[in-house]
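The structure appears below as C-alpha cells.
The values are calculated or read from the model by the stated rules, or taken from the named source; none is laboratory data. The model shown is predicted, which means the values in this text are computed figures rather than measured ones. All Cβ positions, glycine included, derive from the backbone under ideal geometry; neighbour counts span all protein chains shown. Ligands, DNA and RNA are excluded from the accessible area calculation, which covers all protein heavy atoms including side chains. Shrake-Rupley method; radii C 1.70, N 1.55, O 1.52, S 1.80 Å.
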Amino acid sequence: MPKLDISLQEEQKSFEVEVAAIEKQWAAPRQSHLKRPYNARTIAALRNSIPAPSAASSTQGVKLWNQLRTHNENGTCELTFGTTDPVAVSQMAKHQQTVYVSGALCGFSEVALPGMDHADYPWDTVPKVVTKIFKSQLWHDQRQRQFRLRHSVEEREGLENWDYLAPIVADGDMGFGSLTSTMKMAREFVEAGVAMIHIDDLAIGMKKFTIGQGRTIVPTSEYLDRLTAVRMQFDIMGSETLLLCRCDTDHSEFITSVVDERDHEYVLGATKKVGPLQKHLKDAQAEGKDLKAARNEWMESAGLKTFDEAVEAVASKEELEAYTAELSKQKFTSLSTRREIAAKTVKQDVFFDWELPRSSMGQYLFKSCVKAAVERAVAAAPLGDVTWARMDSPVWKDLVEFHTEVRKVFPDRLFAFGYTGDYDFAKAGFSEEKVKTFHLDLAKMGVVWQVQPIWSLQGLNLVTEQFGKLWAEEGIAGYLRAVQGPALSTKPMTDGFEKLSYCGGYLADAFFETVAGESITERGRALDFKRH
Ligand SMILES: C[C@](O)(C(=O)O)[C@H](CC(=O)O)C(=O)O
C-alpha cells in the first residue's frame, strides 16, 4: 500500500489550518451560541483527511437557520407537516418553507413490519427516507430550472418558480442506542442532506404513546451525552446542520436511573413503610389477582411523594422554611444532601425510599412537571440550536411557563412545537377564537417552527377514504369532477401532467437532446403540443 506522501511538517501545518478553520466556524454568528465540552483540536484529529460529504446538509441547515431567525424577528412561524412521500413534498413547496420526516410515519409506511410509534424501527429508517425526499426535491429543482432556462428571460416571467429545496427536519428519536449508533445515525442524516434533526430524552424502547403508562426518560446526563454525540458528529463532518433538542419529560412516568443529581428532585419514593412493589406484584400473581389492580393498590398504600413533598408532610411551617432556605443555596441538590439538610432543619424523621417503587426493569418513578422540563431544556440548550418540549396536551399555562422560563436564561432561544393528531383543544379550555390564533400566540414566544407531524396518517387516510368512496360510487365522472377538473384548473396548477413539465418530460428530453441531438425528441414534442 502506498504511503501518504506528506511530510511531518506538512501534516502538522494542515492540522493547524484545520483547527483554525473549525474555530472560525464555531465563532461565526450561525454557531456562536453553541457550547461544546470539547475543543477544535480534538475534532480536527477525528476528521478524515478529505472533507466529509456535508455540503448539502450545511446549505440546508443555514437556510433553515435564516428562515427561523427571520420568523423570530417578525414574531411569525413556519407551519409545516409530516410526510414520507416525495409527491406530497413537491406540493408542500407552494405553501411550506420546510418539510418534516416523522419517525411515526416512517414506522407506519416505510418499514416491512409497521406498528405503533414506539421508535422500534431500524436506526437508519428515517435517514433513508430523508435521502429519498431530498433527492426528489433536487429532481424537482432541476426539472423546474431546466424548464425555465429553455425559455427566454421575458417568457420566464410568467413561469412557476417554486423553492423546491425546502429544508428537511427529521426525527432522530432517542438516537437508537449507544453513542456510536447515535453518531452513525447523525452521519447518515447529514449525508442525506437533512437541515435539522431532533433528539429526545426517552429511554430506548420506552416510547409508549398507546396506554401512556410507562413512558420513560433517561437521566439528564445521558440526554446531554446523546446531544453531544450528535454535535460531535456534525463537527467532525464540519456541517452546519441544526440540532433540535427535544425533551419528552412532560408526562413521563419513569426515569431509568438516579445517577444524575439534577433529577433527584423529581424522583418519587414511598413515604410509608411498605414492602417493595415487585414483591407485592409477585404475591398478587401467585394468588391469581388482577395485576393492574394490585399495582394501584400498592401505589395508594405507599404514600408516593418526592423527597421535598415528604419533608413538607412532616415539617412545621418554620422547619419547612428553614429546609427550603438551605436548599435554595445550591442549584441542584442530591438526595443525600437533601437528607442532610432535612436532618438539620426538621425534627421529625423523614421516611423516603425511592427503591421500593422500582419497576421490574429497575426504573424509578418520576414526577414530571414543567420545571423539570425547563431544567432539561436549559441544560441542553448550549448543545443545540432549537428547543422543543413535547407536550401531551396543549395546556396553555404550561406552554407559557416553559417558553418564558427558558427564555429567561436564553433570551433569543428558538423553539419548535408539535401538534399531535388528537389534541383536544376544547377540552384544554380553548375557545374557537383562541385556537385560531394559537400558532401566532406561540410564535410570539419564539416558537418559530410548528409541525403537524402525522398529517400523512390522519390527513392522507381521510382523503384516501373519501376518494375511495367517491370512485367506487361514481367512477370516472366522479374523478373528473372531484380530481382531474380541479387539478388542471387550480392556479397555481396542482402538478400532475402539466405540459410534461412536472413529470419531468422536458428534463428527460434535455438529456436525450444533449446526448443525441434535437431530432430524437421532435416527434414526441410535436405530439405533446397537440395534446395541450
Ligand atoms: C413527532 C413524532 O415524534 C413523530 O414521530 O412524528 C411523534 C408524533 C406524535 O406522536 O404525534 C411524537 O410527537 O412523538
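Per-structure values
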| read-out | value |
| --- | --- |
| Filter result for the condition that a residue is open to solvent by 10 Å² or more (accessible area, probe 1.4 Å) and among the aliphatic types (A, V, I, L, M), over 202, 224 | 224 |
| Single unsatisfied condition, residue 90 versus (1) on the phi > 0 side of the Ramachandran plot; (2) in contact with a His (Cβ under 6 Å, 6 or more places away or on another chain) | (1) |
| Boolean, residue 460 is farther than 22 Å from residue 75 by Cβ, of a type in the set (A, V, I, L, M) and buried (at least 16 other Cβ atoms within 10 Å of the Cβ) | yes |
| Unique match (being out of contact with any Cys (no Cβ under 9 Å at 6 or more places or on another chain), of a type outside the set (Ser, Thr, Tyr) and under 30 Å from residue 61 (Cβ atoms)) among 297, 240 | 240 |
| Test: residue 332 is farther than 20 Å from residue 255 by Cα and either open to solvent by 60 Å² or more (accessible area, probe 1.4 Å) or not assigned by TED's automatic domain parsing to the domain that holds residue 206 (or both) | no |
| Answer residue from region 404-447, given it is among the hydroxyl-bearing types (Ser, Thr, Tyr) and loosely packed, with under 15 Cβ neighbours inside 10 Å and is nearest to residue 373 (Cα to Cα) among those | 404 |
| One residue from 119, 56 being more than 19 Å from the chain's Cα centre (by Cα) and either of a type outside the set (Asp, Glu) or farther than 19 Å from residue 418 by Cα (or both) | 56 |
| Residue list for region 411-452, restricted to those being of a type in the set (S, T, N, Q) and not in a strand (DSSP E or B) | 420, 431, 437 |
| Which listed residue, of 319, 309, is within 39 Å of the chain's Cα centre (by Cα), at pLDDT 95 or above and open to solvent by less than 70 Å² (accessible area, probe 1.4 Å) | 309 |
| All helices (runs of 4 or more DSSP H) inside region 1-92 with 2 or more residues being more than 25 Å from residue 233 (Cβ to Cβ) | 8-27, 55-74, 86-92 |
| Test: residue in region 350-359 that is of a type in the set (Gly, Ala, Ser) and closer than 30 Å to residue 282 by Cβ | yes |
| Among the candidates 134, 147, residue that is at pLDDT 95 or above and part of a helix (DSSP H, G or I) | 134 |
| Tabulated pairs, region 451-469, first more than 21 Å from residue 96 (Cα to Cα), second part of a helix (DSSP H, G or I), C-beta under 9 angstrom, 6+ apart or interchain | 466/482; 467/478; 467/479; 467/482; 467/483 |
| Flag if residue 132 is under 22 Å from residue 55 (Cα atoms), open to solvent by 70 Å² or more (accessible area, probe 1.4 Å) and within 16 Å of the ligand (Cβ to nearest atom) | no |
| Residues that are in contact with a helix residue (DSSP H, G or I) (Cβ under 7 Å, 6 or more places away or on another chain), touching a residue at least 40 places away in the same chain (Cβ under 8 Å) and not basic (Lys, Arg), drawn from region 39-55 | 43, 46, 52, 53, 54 |
| Yes/no for residue 294 being among the aliphatic types (A, V, I, L, M), open to solvent by 30 Å² or more (accessible area, probe 1.4 Å), farther than 30 Å from residue 24 by Cα and in a helix (DSSP H, G or I) | no |
| Failed item, numbered, when residue 5 is tested on (1) buried (at least 16 other Cβ atoms within 10 Å of the Cβ); (2) free of Cβ contacts under 8 Å to residues at least 60 places away in the same chain | (1) |
| Subset of region 385-403 that is in contact (Cβ under 8 Å) with a residue 12 or more places away in the chain and open to solvent by 60 Å² or more (accessible area, probe 1.4 Å) - its residue that is nearest to residue 199 (Cα to Cα) | 401 |
| Number of positions in region 77-124 that are more than 10 Å from the ligand (Cβ to nearest atom), surrounded by 22 or more Cβ atoms within 10 Å (Cβ to Cβ) and free of Cβ contacts under 8 Å to residues at least 24 places away in the same chain | 1 |
| Region 339-367 residues that are among the acidic types (Asp, Glu), paired with ones that are open to solvent by less than 70 Å² (accessible area, probe 1.4 Å) (beta carbon under 6 Å, 6 or more apart) | 353/269; 353/270 |
